[in-house]
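Visitor: Here's a structure for you.
No lab work stands behind these numbers, since they all come straight from the coordinates. No experiment lies behind these values; they were computed from the predicted model shown. No Cβ is skipped: glycine too gets one built from the backbone with ideal geometry, and neighbour counts run over all protein chains shown.
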Amino acid sequence: MINRAYDVIVVGGGASGMMAAAEASMHGKRVLLLEKNYSLAVKLKISGGGRCNITNAETDTRILLRNYGKAEKLLYAPFSEFGMQDTFTFFTKHGLPLVVEDNKRAFPKSQKAWDVYQTLLNILLENDVTIKTNYVVERIIRNKESIIGIETNHETFVVKSLILATGGVSHPETGSTGDGFTWLKELGHTIHEPTPTIVPLAVKEQWVKSMQGVSLPTMKITFYVDKKKQFSKKGSLLFTHFGVSGPLILNTASKVYTLLQEGDVTAHIDAFPDMEINILERKVLDIFDMYKQRTLKTVFKDIVPSGTSNGLQLLFPDIDFETKVHSVTKEDRKKIVHTLKDLPITITGLMGKDRAVAADGGVELGEIDMKTMRSKLYHNLYITGDLLHINRPSGGYSLQLCWTTGYIAGRNA
């Protein structure tokens, strides 16, 4: 069956797709939204640990756009039409108040990603958007200048305007398996191969993996290539069963990926970055003096960050932690202090797409009219969100890109 009923067809029911469908429908267009999953916004519902970091509340657009790498200058036009403040206005106007937390990360006041999805869904339903889930696009039909139609696993649609919003390759379990990249390549667009760029790091050491779920709220990590210092970062860190994670690590991954191409990458963690080594040594001495009759194993918990005692003991195979504190040698005490300021790890690689918060890759931006999100190859094709080759850190920047590009595509389709 061939269906001719729609002005705009949006493929992909995630953040940018729902925004695009909402905007087009609010301008009176008959809109069809196709999603290959059984429900919309699968990735959105789990974003931000289920809280949804909906945007970054940086009010200076110039500073905000510096976080988008080489795409910065190309994003001024779309962000001037729908930027961060417009995102706040859009969601609050539709009954979803937002709050701003550390590092200008904005969340729904309810702290529920589900409420972001429900807000968008309500807009779609109020504006009579037709939603078809479990619809898999199998072929895009074109001529030299335009998209003519799309074939799905259920029916074929004639296309007037087509918005592709299928996402990239991060979290493939949510349906982001790179389908859009394949179609766009077949249509003649240049595609940069995606690499996970906001992703945890895998490490070799067992002591790290033994502390799965433990975090260091404040630490400093310094990266090396072939023992030559490269850069340092200060913040929080989360130990996992495969290595290290947390916002600081996620946002460092792209730089580490580059270092891994140059040689062997190691890192050293300072568990007490705000304490000079002589001050830490004095703290340890004071604890030892206070608890001379206790075992080192018992006292060690009072020295190291919360939850790290058992794991960090693995770094000292030559020290007997059952020894009474008064019998610990000066050399062993100094070894403990110096190690806590210099915990060694070996980076074996980046975790894969299944653990990536976001990945780069996508359509070459020179092939897109960034003022409209229209393809320069096909006059009725629009491309949004993670399908665009734009690098960015975590912290609300990815979703803001989805809101902006989705809005612009929906407005112009």
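Visitor: For the chain, what is the charge dipole size about the Cα centre, in debye to the nearest 20, if Lys and Arg each add +1 at the Cβ and Asp and Glu each add -1 at the Cβ?
Guide: Values: 50 positive and 44 negative charges, 86 e Å.
Around 420 debye, computed over the chain.
Visitor: Which one, PRO273, ILE368, ILE249, is farthest towards the positive end of the dipole of the chain when Lys and Arg carry +1 and Asp and Glu -1 on their Cβ?
Guide: PRO273
Visitor: If you don't mind, another one. Which distance in nm do the two modelled labels at GLU205 and LYS112 give, with both placed 7 Å along the Cα-to-Cβ direction?
Guide: 4.2
Visitor: Starting at 0 and stepping by 20 Å, how many percent of the alpha carbon pairs of the chain end up in each bin?
Guide: For the chain, the pair-distance distribution reads 25, 46, 22, 7, 0.
Visitor: The range 371-389 to the range 221-281: how many Å between their Cα centroids?
Guide: 38
Visitor: I've got another one for you. Can you give the FRET efficiency to the nearest 0.05 for ASN310 and ARG66, using r as the Cβ-Cβ distance and R₀ = 35 Å?
Guide: Working: r = 42 Å, r/R0 = 1.19.
Efficiency computed from Cβ-Cβ geometry: 0.25.
Visitor: Taking θ = phi - 60°, what integer Hz values does the Karplus form 6.51 cos²θ - 1.76 cosθ + 1.60 yield along the range 19-28, in sequence order, with x for Gly and Pro?
Guide: Taking θ as phi minus 60°, the curve returns 5, 4, 5, 5, 5, 5, 5, 5, 9, x Hz for the range 19-28.
Visitor: Using Cα pairs under 8 angstrom and six or more residues apart, how large is the relative contact order of the chain, in percent?
Guide: Working: 918 pairs, mean separation 102.5, N = 413.
Relative CO of the chain lands at 25 percent.
Visitor: I want to make sure I understand the PRE zone here: with the label point 7 angstrom from the Cα of ASN153 toward its beta carbon, which residues in the range 10-40 have backbone N atoms less than 18 Å away?
Guide: Correct set: 11-14, 33-40.
Visitor: Report relative contact order for the range 200-351 in percent, whole number only (criteria: Cα-Cα under 8 Å, sequence separation at least 6).
Guide: Details: 265 pairs, mean separation 50.4, N = 152.
This gives 33 percent for the range 200-351.
Visitor: Which residues does the label zone of HIS27 cover in the range 379-402, counting backbone N under 18 Å from a point 7 Å along Cα→Cβ?
Guide: 379-385, 402
Visitor: Can you give me the long-range amide H partners of ALA41? Hydrogens built in the peptide plane at 1.01 Å from N, cutoff under 5 Å, separation of 5 or more residues or another chain.
Guide: The answer is GLY13, GLY14.
Visitor: Please name whichever of THR348, GLN313, PRO393 sits farthest to the positive end of the charge dipole of the range 295-402, dipole taken about the Cα centre and charges placed at Cβ: Lys and Arg +1, Asp and Glu -1.
Guide: Projecting each Cα onto the dipole axis, the largest value belongs to GLN313.
Visitor: When the Debye formula is applied to the Cα atoms of the range 200-351, each taken as the same point scatterer, what base-10 log of I(q)/I(0) results at q = 0.14, 0.18, 0.19 Å⁻¹?
Guide: -0.68, -1.05, -1.14
Visitor: Of the residues ARG333, ARG30, ARG51, which exhibits the maximal mean-square fluctuation in a Gaussian network model of the chain defined by a 10 Å Cα contact cut-off?
Guide: ARG333
Visitor: Also, quick follow-up: So, in nm, how far is label ASP332 from label SER236 when the simple model puts each one 7 Å beyond its Cα toward the Cβ?
Guide: A separation of 3.5 nm, rounded to one decimal place.
Visitor: I would also like to ask the following. Extending each Cα 7 Å along its Cβ direction at PHE321 and LYS93, get the distance between those two points in nm, one decimal.
Guide: About 5.8 nm separates the two model spin labels.
Visitor: In addition: Can you work out the FRET efficiency for the pair THR348 and THR59, with r the C-beta to C-beta distance and R0 = 30 Å, to the nearest 0.05? Don't jump to the answer; show the numbers that get you there.
Guide: Numbers: r = 40 Å, r/R0 = 1.34.
Once the sixth-power term is evaluated, E becomes 0.15.
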